[in-house]
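The values are calculated or read from the model by the stated rules, or taken from the named source; none is laboratory data. Being a predicted model, the structure only gives us computed values, none of them experimental. A quick note on method: Cβ atoms are made from the backbone with ideal geometry, for glycine too, and the neighbour counts reach across all protein chains shown.
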Amino acid sequence: METVSSIVVGNDGSALADVALRRGLWLAQQIDAPVRILRAWSISSAPRPKTWELGYAPPLEDFEEAVRERLVADTAAALADYPDVPVTLETPHGKAVRELLEAAAEGARLVIVGSRGLGGFSGLLLGSVSRQVVEHAVCDVLVVRPSGDRAPAATRAPDSQLA
């Protein structure tokens with residue numbers, strides 16, 4: 001029996017990450033593939049855990065739980081639209097680029113990321129994470145751009161099913 005490769009979708013909670021997730025779920029539904037939604041985090045980027053108090057440093061597990069809770073909330077609407085797509089939510093502690101590249105190396109069929117996320121300067125055409133994933137991933141990478149960045153209609157493939 002052949003193993004079906006997954007589609008890895010990077011999700012940082014941005015609006016563009018939601019578009020990337022929806023495109024990944026749609027594509028996974030078309031090719032009958034599972035989806036791995038990945039949100040990498042650090043102490044500085046994680047939401048405050050419920051156990052946080054002034055003068056007390058919660059353990060990493062509490063931060064990871066807070067990241068996971070936020071990821072569940074951020075993806076709930078999109079996942080509800082694709083109930084038949086098998087999905088796993090992953091919240092590794094580490095840099096987004098490293099974690100996405102590791103997920104790609106674990107047999108991913110495709111990695112999908114937004115062109116810009118929550119970090120960096122909004123004027124950049126391609127964010128540092130997406131650029132590095134494109135350059136170093138061992139599988140294909142789909143970079144989702146904001147609708148305002150679209151190429152002229154005559155030069156792009158139709159994507160009405162992906163919106």
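Name the residues in the range 59-92 that are assigned to a loop (DSSP other than H, G, I, E, B) and either touching a His at 6+ places or on another chain (Cβ under 7 Å) or farther than 20 Å from Ala103 by Cα (or both), would you?
Within the range 59-92, Pro59, Tyr82, Pro83, Asp84 meet the criteria.
Take the conditions crowded, with 16+ Cβ neighbours inside 10 Å and either free of Cβ contacts under 8 Å to residues at least 24 places away in the same chain or at positive phi (or both) and apply them to Gly13. Does it pass?
Judged against the criteria, Gly13 is a match.
Closer than 21 Å to Val129 by Cβ and surrounded by fewer than 20 Cβ atoms within 10 Å (Cβ to Cβ): which single residue out of Gly94, Gly55 fits that description?
That would be Gly94, the only listed residue that is closer than 21 Å to Val129 by Cβ and surrounded by fewer than 20 Cβ atoms within 10 Å (Cβ to Cβ).
Under 14 Å from Gly10 (Cβ atoms) and surrounded by 12 or more Cβ atoms within 10 Å (Cβ to Cβ), is that true of Pro47?
Taking the combined requirement at face value, the residue does not satisfy it.
Here is a yes/no grid of residues against (1) at pLDDT 95 or above; (2) on the phi > 0 side of the Ramachandran plot; (3) among the hydrophobic types (A, V, I, L, M, F, W, C):
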position	(1), (2), (3)
Ala17	no, no, yes
Pro49	no, no, no
Asp62	no, no, no
Val67	yes, no, yes
Ala76	yes, no, yes
Ala96	no, no, yes
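Scan the range 1-44 residue by residue and report those that are among the small types (Gly, Ala, Ser), more than 19 Å from Val67 (Cβ to Cβ) and assigned to a helix (DSSP H, G or I).
Scanning the range 1-44 gives Gly24, Ala28.
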